[in-house]
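See structure below.
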Amino acid sequence: MIPVLLILIPLITGLITFAFSTADSAKKNALLSAVATLVVAGWSVCCTPASALRFDIAWLPVMGSRFTLEMDGMSKMLCLLTGISFPMIFLAIFRQETKSAPAFFGWMLLSQAGLMGVFLAADALVFYFFWELALIPVYFLCSIWGGERRIAVTFKFFIYTFLGSLLMLTGIIYLSYHSPGASFAIESLTKAALSETQRNGLFWLFFIAFAIKMPIFPLHTWQPDAYEESPTAVTMVMSGIMVKMGLYAVVRWLLPVYPQSSALYADVIIALSVTGMLYASFIAMQQNNLKRLIAYSSIAHIGLMCAALFTAQPSAYQGVMIQMFSHGINVIGLWIIADAIEKQLGTRLLSEMGGLAQKAPTLAILLVIMGLANVALPLTNSFIGEFMMFNGLFRYNMVWAGVAGISIILAAVYTLRMIQKVLYGPLNPTTETATDIPATAKWALFVLVVLVIVGGVYPQPLIDLTNDTVQALITKH
Amino acid sequence: MNAIIFSALWGVVMMFSGIATQNRKTITGLSILGLVLLLGINCLHAYGIWVIKMDTKGAMHFDSIGLFFNAIAFFATLLYVVLSGKDIENTGVHAAEYYALIFFVLTGVSILTAFNGLLMLFLGIEIMTIPLYILTGADKRNLKSNEASLKYFLMGSFSTGIMLMGIALIYGATGKFGIAGGVSLAPSTGLSVRPSFLEVGGMILLFVSMCFKVSAAPFHFWTPDVYDGAPAVFTSFMATIVKSAGFFAFIKLFDAHTAVLGDSWNILLPFVILITLLIGNITAVFQQSVKRMLAYSSIAQAGFMLFALYGNNDLAKEGILLYAFSYSLATIGIFAVLIKLKDYSLDGFNGLATEYPFLAFSTTICLLSLAGIPLTGGFFAKYYMLSSAIKAGGIFWLVIAAVLLAAVSVYYYFRVIQAMYFKTGAPSFNQPITKAFQWALFGVAVMIILLGLFPTLLLNFFYF
């Protein structure tokens, strides 16, 4: 029952939100719904009986597809991340003016429903459904409420991802014909009888779809533009949760289904990921635009996670699980701060900032904590994850680990440069009148900071939670 | 049989209703009544009631799939008249005649779903298309409409000539008009009897003329001009019901005949599919007029429907029914809105969502369905087509090419959504948008979503 609730709560409240007439009631309704979803997600983590975590009814018997939702450790973890993120996002923008707010919050909740569905589906066709449906609300959100170049940029993003998912769809259909019983269930897809050529071809059809979503170099070109032009609340959803769809899908639908091909192409993919990491890091170092800087830093982090997934090392898998959660928390925190700064100063150019620490001390402290978490400093949540991923990468191949390791240094360079440019230095006319961060955003950030530090000091609960997924992956390889 | 006789009779009734009354509302009402009765009578046939026992000497064969397709076509026509009846009335001065012609087209459709011999195929095609030549030119004072009508007539007659030539060659080779006897491959022994040159030539000529009728490239050149020139309200009818019926006949005709063409079939058809998809999708991208864009999009959709011809299995047959229905629903929906707009260009849609959010929502669902986004009927329609092709095997490369081009199609469908939602403007209409119209369109949207959630709802009827 829990999986259904996780989808239905945001779906129904989202549809209701469209009908609200005032911005205030829409916001409250959305926040309430998001908190309710969080409670259910939290319940799923504590809940042990497997029957409550599985939902299965006949949907399209002719095609061999059943509406199956199932939660394992990774699903729980990502649902929890989605559950935590939305209330934080809503809190952060609670006091902001949003034009036609009911529609905005309605779309936001619908996107949450779609994301939950992606993380829960245990049937390939259901998965494909939600994979697409998570995209539609984001398309409308970005195109209506985004920045100046929003229409073109969002369009590029949409067509890019749609193309990927169509390729995946043909792969899914092809695979299901070769699976026992022509079914779409994950268990039977892993048993599909394929020749080596078929397997390798299908592997790429799937991987391209996931790589576009993550995004992996050289398919990342939609991302910085989309992050920059989207309204910040949507950017948080995209960078905090949507990119995890790609990583999640690799773990759920790629590695177990094509273990041999994954091993065969591991070097190619790790090479692409590592190239992307360095490339994104170098660009981030040169960025003068705060939002683009965070976008590129996100590409670098995702690249490491993707590379770690193909090392086939237990510690790397475990690291990815932790890092998916941590990265979500950190990047949402960074976006909340970036948004607060932009709303204050009316600019996102680093060259026009400076001296904010004097005017906005709370903001300064929060930005430094989030920045350090982004660098993966020990005692912050991402340290554990990155350490384990590098450990796995090192065991797989020392050279790749060495090259990828450069990005740690580069991360420190661009993050500290950003902190320095924003917070320190002399005040200038733009920053002269700045005030501190709004109260609701402060509360949201406070929660996130607690999560950063707790995750950094005691990550064991997260490791325990996702252990079953990691074990299942190891036995496959 | 019921449907053929009744639609022809009601066509005559409609023709004479123009003498009895000048009230256009009554005439539209009468045709809606006729369509409802036609739908009911067609369903009765499925249960064996009110069938006039007539020995057709094997020229016709009524099976459940054909009757089911009839039901889809009649239902789509019903929706079309409900949504766009007002515009049919206002096209010219002779509302009753347009309805009569529409009923005659439906007679042709019912023959095409039941033909069992090449002569009946020919009759069905002719009965279906001749009224269309007139409907295309219905806007008498408009030069473009006249031009389109003439062009359609000339090109149509030409392709009919090719078809007749094909039929003649096949008759010469086999001595029969039947389509059942044409298979020259003996599967039981594994020995193949080489089909005669006449027979192969005849099949290829038939293929060409059918490609023309369903506007598959490279025989598509008439489509954009005719669809663009005809009054929009009749374009809607041509692009949906008539086209789907053409496809149905195409598939029925080649069902058992592909063996005659042997390996060349596996080169010929993929080639046609590929260039149909390419030309339809790529050209649609560059259109500024939504009407013309929809004409090219209908070529692109034809490319997808051709996969059913290649697949030629259970999935293909179910799929073509689903495709015909969901594609007709969506296209009729979009055209219903387009007809009411003064400006057919993309800019004509600007700001529709701010003024009529409800209307824009339904239109968006129709567009999403054409693009094949999940949760709409269009997704499962495409799904079935791809699925049947993958099941048949051999052209996975073409399936990949098709999905790449489907991604291109998102570009032009979404431009309309962008105009409605993200651009500002004040759309101007020929007629006021009534509440009833908005609700009817919403009904279409709901049907599309239902099909997208449970395509088996429709297909289960087929098994009853």
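Here, each number is a calculation from the coordinates, and none is a lab measurement. Bear in mind that the values here come from a model prediction, so they are computed numbers and not experimental data. Cβ sites come from the backbone with ideal geometry, for glycine too, and all protein chains shown count toward neighbours.
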Under 5 Å between amide H atoms, partner at least 5 residues away or on a different chain: which partners does B:MET60 have, H built in plane at 1.01 Å? B:ASN116
For a label point 7 Å from the Cα of B:ILE267 along Cα→C-beta, name the residues of the stretch B:197-226 whose backbone N is under 13 Å from it. none
Would you list A:HIS327, B:HIS94 from fewest to most Cβ contacts within 10 Å? B:HIS94, A:HIS327
Give the calculated FRET efficiency between A:GLN198 and B:SER196 to the nearest 0.05, with a Förster radius of 35 Å applied to their Cβ-Cβ distance. 0.35
Can you give me the relative contact order of the stretch B:262-464 as a percent, contacts being Cα pairs under 8 Å and 6 or more apart? 29 percent
Please report the spacing between the Cα centers of the stretch B:341-362 and the stretch A:171-201 in Å, no decimals. 44 Å
Would you mind counting up the charge near A:THR68? Only other residues with Cβ under 11 Å from its Cβ, with Lys and Arg at +1 and Asp and Glu at -1. -2
Using a 10 Å cut-off on Cβ to Cβ distances, tally the other chain neighbours for every residue of A:159-169 and report the average as a whole number. 5
Could I have the simple spin-label model distance between B:PHE358 and A:ALA152, label points 7 Å from Cα toward Cβ, reported in nm to one decimal? 3.8 nm
Highest mean first, what order results for A:188-195, B:164-171 on Cβ atoms within 10 Å? B:164-171, A:188-195
Final fewest-first order of A:GLU386, A:GLU229 on the 10 Å Cβ neighbour count is A:GLU229, A:GLU386
HN-Hα J in Hz across the stretch A:407-421 - Karplus 6.51, -1.76, 1.60, θ = phi - 60°, x for Gly and Pro: 5, 5, 5, 4, 4, 4, 4, 6, 5, 5, 4, 5, 4, 4, 5
Starting from 0.36 nm per residue, how many nanometres of slack lie between A:ILE409 and A:TYR424 once their C-alpha separation is accounted for? 3.3 nm
Let me have the 222 nm mean residue ellipticity of chain B computed from DSSP H runs of 4+ only, each contributing -39500 (n - 2.57), with the sum over all residues rounded to the nearest 500. -25000 deg cm²/dmol
Is there a quick way to get the dipole size of the stretch B:262-464? I mean about its Cα centre, with the Cβ of Lys and Arg at +1 and of Asp and Glu at -1; what is the value in debye to the nearest 20? 300 debye
To the nearest 0.05, how large is the calculated FRET efficiency for B:ASP343 and B:GLN22 if R₀ is 22 Å and r is the Cβ-Cβ distance? 0.10
Which of B:TYR98, A:TYR160 comes first, and how do the rest follow, when ranked by fewest Cβ neighbours within 10 Å? A:TYR160, B:TYR98
Using a 7 Å offset from the Cα along the Cα-to-Cβ direction at both B:TYR47 and A:ARG417, what is the distance between the two label points in nm, to one decimal? 7.8 nm
Label-to-label distance, nm, for residues given as A:VAL4 and A:LEU377 (7 Å Cα→Cβ offset): 4.8 nm
Could you give each residue of the stretch B:32-46 its phi-based ³J(HN,Hα) in whole Hz, using Karplus coefficients 6.51, -1.76, 1.60 with θ = phi - 60°, and x for Gly or Pro? 5, 4, x, 5, 4, 4, 4, 4, x, 5, 5, 5, 4, 4, 4
Would you work out which of B:THR354, B:LEU398, B:CYS211 lies farthest towards the positive end of the dipole of chain B, given +1 charges on the beta-carbon of Lys and Arg and -1 on that of Asp and Glu, about the Cα centre? B:THR354
Residue-by-residue Karplus 3J(HN,Hα) for the stretch B:227-236, coefficients 6.51, -1.76, 1.60, Hz, glycine and proline x: 5, 6, x, 5, x, 3, 5, 7, 4, 4
Can you tell which of B:THR434, B:SER264, B:VAL285 lies farthest toward the positive end of the dipole of the stretch B:262-464, using +1 and -1 charges on the Cβ of basic and acidic side chains (Lys, Arg; Asp, Glu)? B:THR434
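When you look at the Cβ of every residue in B:444-455, what mean number of other chain Cβ atoms sits within 10 Å? Before the final figure, lay out the partial values.
Working: counts 0, 0, 0, 0, 0, 0, 0, 0, 1, 3, 2, 3.
Taking all residues of B:444-455 together, the mean is 1.
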Got the relative contact order for chain A handy, in percent, Cα pairs under 8 Å and 6 or more residues apart? 16 percent
